[in-house]
Each structure stands twice: as structure tokens, then as C-alpha cells.
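Asker: Can you keep this structure in mind? I'll have questions shortly.
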Amino acid sequence: MTHTTTSRASTIRAWLLWTTSFLALPIGGYAGTMISGRIDDPLSAVIGGATAGLIIGNGQALTSSHRVRPLAWIPATVLGMGAGLALGAAAAGYGTALPDLALMGALNGLVLGFAQARALPRQVGRHRWIWAAAMPALWSLGWTVTTLARIAVDQQFIVFGASGALLVTAITGLILNRLLPVPLLNKPAMSPTNAKVQS
């Protein structure tokens, strides 16, 4: 009973900590916009997306409860955001109507999800593709929520707003908990003494 309670508490704490990384999305988007301006051509998309990805990747690595490796996760997020935003924005014609942003988000999420899935620890195995498959839908959802919240998306932002970011991050936290359970990773290694006692 105690072990189960502890495991559940650790899982909830890890999810709450990860969810705080939603702040990295609007902050990263703002920083990228300061450098690249509006996302209205391939160069601005690559530079703005990569800048946002640097901040998002760092924020997620810091709040992952040591479940992702920063040296793999951060570069993957930078590359995924830069390439993904460039692809998505171009495919949507740099439009800001809801269908355009939903398409842009789906393609951005497709590239980002693939890059981040490759950066997940080896023990995730083939289940890493659950992360990759979820990201297109989630990034499309993020832009949909932001648009419906009447945020000024016509300014051609890099990342959806805080309302969409909070929802998307909360859901990705649940997926991460499923792929990389906290108690299993944080369980102390069995000492030789304990092993002899149990045997």
C-alpha cells in the first residue's frame, strides 16, 4: 500500500512539474519573434522556430524529472521546431485562419514529434513512436485553442498562446509518464546485501 501510494504521488509530482514547462512555449515564441519577426517566409520560420525550440527544449529538459537527456532532447527540439515550423508555415501559405494554423500545427508537430521521439531514452523502445504520433494532433489542438480564445494570431506567432500551451503540455506530461514511469527510473539500485537477504 505504501509503495503504491508513493508511486502515485511521484507520478503526480512529475506530471505537475512537467506541466509548468508550458511557460517555455510562449516565452520561446516571444524570444523567437524578437529575433525573426513575423513568420512570413522560410528564413523567419527557421530562425524563429529554432530560437523558440532552444527555450522550449531547455524548459522541458529541466522539468522532466531527469527522464530525458538534455544533450539529446534540446538539439532535437531546436531542429524539430526550426524545420517543422518552416514546413508547416509554408504549407499553410503563412495564413492565420484557423484551418491554416491547424495545418501548420499538425506539420510542425509531425517534425518536432519525430525529432523528440528519436531523442527519448533507449528504454522506451518502439513505444517512442506514441510520442511522435501524438504531437501532430496536439500542436494542431494548441493552435485551435489559441485561435478560439481570440488571441491575435494574425500577428503570425511562432508558437500558440498560453491557453493552448497549458493544455498541450498537460497532455504530453501524461504521455511522458506512461512512456517513462518515474518510480521505475528513480528506484534505487538493489545492493548486494539486500539481494542476498531476498534470495
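Asker: Please state which of the following conditions ILE158 fails to meet, knowing it meets all the rest: (1) surrounded by fewer than 23 Cβ atoms within 10 Å (Cβ to Cβ); (2) over 22 Å from LEU16 (Cα atoms); (3) not hydroxyl-bearing (Ser, Thr, Tyr).
Answerer: Condition not satisfied by ILE158: (1).
Asker: In region 47-72, what residues are in contact (Cβ under 8 Å) with a residue 40 or more places away in the chain and farther than 20 Å from ALA165 by Cα?
Answerer: Those that are in contact (Cβ under 8 Å) with a residue 40 or more places away in the chain and farther than 20 Å from ALA165 by Cα: HIS66, ARG67, ARG69, ALA72.
Asker: Go through region 137-156 residue by residue and tally those that are under 17 Å from the mean Cα position of the chain (by Cα) and outside any helix (DSSP H, G or I).
Answerer: Counting residues in region 137-156 that are under 17 Å from the mean Cα position of the chain (by Cα) and outside any helix (DSSP H, G or I) gives 0.
Asker: Go over the candidates LEU141, LEU174 one by one and state the one that is over 29 Å from ALA91 (Cα atoms), in contact with a helix residue (DSSP H, G or I) (Cβ under 7 Å, 6 or more places away or on another chain) and either surrounded by fewer than 21 Cβ atoms within 10 Å (Cβ to Cβ) or modelled with pLDDT of 95 or more (or both). Break it down into steps so the answer makes sense when it comes.
Answerer: Working: LEU141 fails: over 29 Å from ALA91 (Cα atoms).
Answer to the selection: LEU174.
Asker: While we're here: Can you confirm whether SER10 is out of contact with any Gly (no Cβ under 7 Å at 6 or more places or on another chain), of a type in the set (Gly, Ala, Ser) and in contact (Cβ under 8 Å) with a residue 60 or more places away in the chain? Give the steps one after another, and end with the answer.
Answerer: Values: out of contact with any Gly (no Cβ under 7 Å at 6 or more places or on another chain): yes; of a type in the set (Gly, Ala, Ser): yes; in contact (Cβ under 8 Å) with a residue 60 or more places away in the chain: yes.
Criteria met by SER10.
Asker: Is there a residue being touching a residue at least 24 places away in the same chain (Cβ under 8 Å), over 19 Å from the mean Cα position of the chain (by Cα), surrounded by fewer than 22 Cβ atoms within 10 Å (Cβ to Cβ) and part of a helix (DSSP H, G or I) anywhere in region 81-91?
Answerer: Among the residues of region 81-91, at least one is touching a residue at least 24 places away in the same chain (Cβ under 8 Å), over 19 Å from the mean Cα position of the chain (by Cα), surrounded by fewer than 22 Cβ atoms within 10 Å (Cβ to Cβ) and part of a helix (DSSP H, G or I), which makes the answer yes.
Asker: May I pose another question? Residues in region 147-155: is at least one of a type in the set (Gly, Ala, Ser) and either on the phi > 0 side of the Ramachandran plot or in contact (Cβ under 8 Å) with a residue 24 or more places away in the chain (or both)?
Answerer: Step one: list which residues in region 147-155 are of a type in the set (Gly, Ala, Ser), which gives 149, 152.
In the following step, the residues that additionally are either on the phi > 0 side of the Ramachandran plot or in contact (Cβ under 8 Å) with a residue 24 or more places away in the chain (or both) were identified as none.
No: zero hits.
The values are calculated or read from the model by the stated rules, or taken from the named source; none is laboratory data. Being a predicted model, the structure only gives us computed values, none of them experimental. Here the Cβ is made from the backbone with ideal geometry for all residues, glycine too, and neighbour counts use every protein chain on show.
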